[in-house]
Structures are given as structure tokens and as C-alpha cells.
Amino acid sequence: MSRHTSQAKLQLWKDRFEQFRQSGQTIQQFCRTLGCGRSSFHYWQRKLEPNRQSKPSTDLVVSSAFLPVVVRGSSAKFVVLRACDGTRVSVPVDALAALDTVLQHAWPVVR
């Protein structure tokens, strides 16, 4: 590969990472949109951001997404959230709006 092509590819991936940060998509969704593999994404991420702390749970977070939940006609006092690692969080039904706000702010940080 020529030096020019290499520089072009570096710039391409720098641009892609900027797009990714602004997209709000998971890595899996972003790669599907681009038509590239997650392994390529992670390769270039390591190459361009060598000091970046890796997050071992990234793939778990990426493979899940928040889905809207509507509670109707229920006498339940709590909604129980179960994470893929088995963690359970009970949230009072009257605090769901606050939970939604917390999750919306936390989600970009987790990514």
C-alpha cells in the first residue's frame, strides 16, 4: 500500500470516528451502515486512539438497546430492570420519568 493510500485511509477512519461520535448509533449499527466489520472498526480505533482505555463490556452494551416500555392498567408499584449480567434494579412506577432522564444522560457516557 502506498504512503498516499495509507494517509487517505487514516483520514477516512478519522472521519468515520467523528461520524460515529455524532451518530448516536451503537458500534454494531454504525458498522452495518458502513458495510464494514466490527473487527475493522476496533482495529482502526486502536490504531488511531492507542491511549484509549478499552472497555471490556462494550460488546455487551452494543448488543443491547433501550426499548420503550409502556405500563398500562397495572397495579404494580415497581418496574424491575434486568441487565444481561443478571443485575436487577427495581424502580418505583412513579419515578419512571426520572429514570428515563437518567438513562438518556447515561447512555452516551456508556457508549
### Query
Using the beta-carbon distance between Ser40 and Ala83 and R0 = 25 Å, what value does 1/(1 + (r/R0)^6) give for FRET efficiency, to the nearest 0.05?
0.30
## Note on the structure
Expected unfolding gain across Asp94-Asn51 under the 0.36 nm per residue rule, minus the alpha-carbon gap, is 11.2 nm
### Message
Just to check I understand the Karplus step: with θ = phi - 60° and J = 6.51 cos²θ - 1.76 cosθ + 1.60, what whole-Hz values come out for segment 34-48, glycine and proline as x?
### Response
6, x, 10, x, 5, 5, 5, 4, 5, 4, 6, 5, 5, 5, 8
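In nm, what is the difference between 0.36 nm times the number of residues separating Leu103 and Ser6 and their Cα-Cα distance?
31.0 nm
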### Task
Provide the per-residue ³J(HN,Hα) series for segment 84-99, in order, calculated from phi with Karplus coefficients 6.51, -1.76, 1.60 and θ = phi - 60°, each as a whole number of Hz, with x at glycine and proline positions.
5, 8, x, 5, 10, 10, 9, 10, x, 4, 6, 10, 5, 5, 5, 4
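A short reminder: the numbers here are calculations on the coordinates, not readings from a lab. Predicted, not measured: the structure shown is a model, and the values here were computed from it. Neighbour counts run over all protein chains shown; Cβ positions are idealised from the backbone, glycine included.
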